[in-house]
C-alpha cells in the first residue's frame with residue numbers, strides 16, 4: 001500500500017474530508033481489507049455501541065404505467081399497454097392496513113410516470129393514507145416523480161413539493177438517481193431528467209423541509225470515475241442542504257429489461273463502493289447496504305465495510321424483483337445477519353430512531369409472519385417461502 005493511500009485512509013478514518021480524486025484512488029487501488037477497516041472505523045466512531053438498524057416497511061406500487069421507458073426497468077409498461085394497470089385507493093389503503101398489522105412504520109408509494117397523474121393525484125393519495133393511518137410515515141417518490149407531476153399539472157417544482165408535503169408526504173426516497181453523470185444517464189434513461197436536475201429538485205425539497213435518502217445503481221456499464229462522480233454530485237447537494245439521511249447503493253438486476261445483463265457490478269466492486277462512500281460521505285449519517293440485490297452473504301460482509309443499516313425486511317417489493325432480485329428474508333433471518341456479524345440489531349423508524357434494541361436473543365421479536373414478499377403486484381398476494 002502506498003504512503004499516499006495510507007494517508008488518505010487514515011484521514012478518512014479519523015473523520016477528515018477526502019477529495020473526489022482521492023475517493024477514486026481509494027475505490028480503485030486501496031487494498032480491500034484496509035479500505036474496509038478504515039470505513040468501519042468511521043462506523044465505530046459514529047455508532048460505538050455496534051448497533052445496526054433495520055426497518056419494517058412495504059413498497060406499494062400504485063401503477064406500472066410510465067412514459068419514461070428506462071432501459072434497465074423491467075417493471076414499467078407503456079401507456080395503453082395491455083399489461084398496464086393502476087390500483088384504486090381502496091386497494092392501496094388495504095395494503096397499508098396489512099403492513100401496519102405486520103409492524104410496519106413506513107410505506108413507500110412508488111409508480112411510473114403516468115401521463116395523467118399530476119400533483120392532484122398525489123395530494124389525494126398521500127392525504128388518504130395519512131387520514132386513515134396517521135402512524136405510517138410516507139417515505140415515497142423521488143425527484144423524477146416530482147418533476148413529472150409538476151409538468152402534468154403545469155406548476156413549479158416548489159409548488160408541487162409544498163402541496164404534496166401538506167398532503168402528508170414525510171420524506172423523499174432517493175428514487176430515480178440511478179447514475180447521475182450525463183453519459184451513463186443518457187444511455188440508461190434518455191427521457192428522464194438530467195442528473196443536475198435531479199439534484200436541483202432535491203435541493204428545493206430539502207429547503208422546504210423534506211429530507212431524503214440518496215441512492216445509486218451500479219453495474220450498467222458506467223466507469224469507475226463516473227461512479228465516483230455520482231457521489232460527488234450527491235455530496236455537493238448535501239454540503240448545501242444537509243438534507244440526506246442515508247446513502248443506499250444497489251446493483252443493477254439483469255432480467256426482463258432492455259439492457260439484458262450486458263454489464264453487472266461484482267460483489268467486490270459493490271463492497272468497495274460501500275467503504276469508499278462511508279469515507280467520502282463524512283457528513284451523511286447513515287450507510288445502508290442492499291441485501292435484496294446482492295444477497296445475504298454480501299449484506300453481512302457489508303457490516304464490516306462501514307454499513308450501519310440493512311434497510312427493510314420489505315413486506316412487498318416489485319420493481320427490483322421484476323428484474324431478477326430474488327433474495328428474501330424473514331425477520332429472524334435479517335436479525336441473525338446482524339447478530340452473527342457481531343453487531344446489535346435494532347428496529348428503527350424512518351428517522352432512524354430506535355424503536356427497540358435487541359441486546360440479546362431474548363429481546364428478539366417473535367412474529368413469524370414478518371417476511372419479504374417479492375412478486376408482481378398485479379397478482380394476488382401469496383405466502384412467501
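The values are calculated or read from the model by the stated rules, or taken from the named source; none is laboratory data. All values derive from a computational prediction rather than experimental measurement. Neighbour counts run over all protein chains shown; Cβ positions are idealised from the backbone, glycine included.
Residues that are more than 30 Å from residue 135 (Cβ to Cβ) and surrounded by 22 or more Cβ atoms within 10 Å (Cβ to Cβ) are absent from region 93-104.
Per-residue answers, yes or no, for (1) part of a strand (DSSP E or B); (2) at pLDDT 95 or above; (3) in contact with a strand residue (DSSP E or B) (Cβ under 9 Å, 6 or more places away or on another chain); (4) surrounded by fewer than 22 Cβ atoms within 10 Å (Cβ to Cβ):
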| site | (1), (2), (3), (4) |
| --- | --- |
| 12 | no, yes, no, no |
| 21 | no, yes, no, yes |
| 25 | no, yes, no, yes |
| 34 | no, yes, no, yes |
| 40 | no, yes, no, yes |
| 53 | yes, yes, yes, no |
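Take the residues of region 101-113 that are in a strand (DSSP E or B) and touching a helix residue (DSSP H, G or I) at 6+ places or on another chain (Cβ under 9 Å): which is modelled with the lowest pLDDT? By that ranking, first place goes to 111.
Within region 42-51, the only residue that satisfies the criterion of being assigned to a loop (DSSP other than H, G, I, E, B) and free of Cβ contacts under 8 Å to residues at least 12 places away in the same chain is 48.
A quick yes/no check of all residues on (1) surrounded by 19 or more Cβ atoms within 10 Å (Cβ to Cβ); (2) modelled with pLDDT under 85:
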position	(1), (2)
328	yes, yes
335	yes, no
340	no, no
343	yes, no
353	no, no
357	no, no
362	no, no
368	no, yes
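To keep it simple, each residue is scored yes or no on (1) in contact with a helix residue (DSSP H, G or I) (Cβ under 8 Å, 6 or more places away or on another chain); (2) touching a residue at least 12 places away in the same chain (Cβ under 8 Å); (3) not in a strand (DSSP E or B).
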| site | (1), (2), (3) |
| --- | --- |
| 138 | yes, yes, no |
| 150 | yes, yes, yes |
| 158 | yes, yes, yes |
| 165 | no, yes, yes |
| 192 | yes, yes, yes |
| 202 | yes, yes, yes |
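The set of residues in region 204-219 that are at pLDDT below 95 and part of a loop (DSSP other than H, G, I, E, B) contains only 219.
Taken over region 55-87, the criterion of being out of contact with any strand residue (DSSP E or B) (no Cβ under 9 Å at 6 or more places or on another chain) and surrounded by fewer than 22 Cβ atoms within 10 Å (Cβ to Cβ) is satisfied by 67, 68, 69, 71, 74, 82. Checking each residue in region 214-234 for being free of Cβ contacts under 8 Å to residues at least 60 places away in the same chain and either surrounded by fewer than 19 Cβ atoms within 10 Å (Cβ to Cβ) or over 15 Å from residue 292 (Cβ atoms) (or both) picks out 221, 222, 223, 226, 230, 233, 234. Selection of region 159-176 for residues being surrounded by 20 or more Cβ atoms within 10 Å (Cβ to Cβ), at pLDDT 95 or above and in contact with a strand residue (DSSP E or B) (Cβ under 7 Å, 6 or more places away or on another chain) yields 168, 169, 171, 172.
The residue pairs whose first member lies in region 259-277 and is on the phi > 0 side of the Ramachandran plot and modelled with pLDDT under 95, whose second member is part of a helix (DSSP H, G or I) and surrounded by fewer than 23 Cβ atoms within 10 Å (Cβ to Cβ), and whose beta carbons are closer than 7 Å, counting only pairs six or more residues apart or on different chains, do not exist in this structure.
Looking only at region 289-302, count how many residues are under 17 Å from residue 331 (Cβ atoms) and either surrounded by fewer than 21 Cβ atoms within 10 Å (Cβ to Cβ) or in contact (Cβ under 8 Å) with a residue 40 or more places away in the chain (or both).
Qualifying residue count, region 289-302: 4.
Only one residue in 116, 83, 98, 123 is assigned to a helix (DSSP H, G or I) and at pLDDT below 95. Which one?
98
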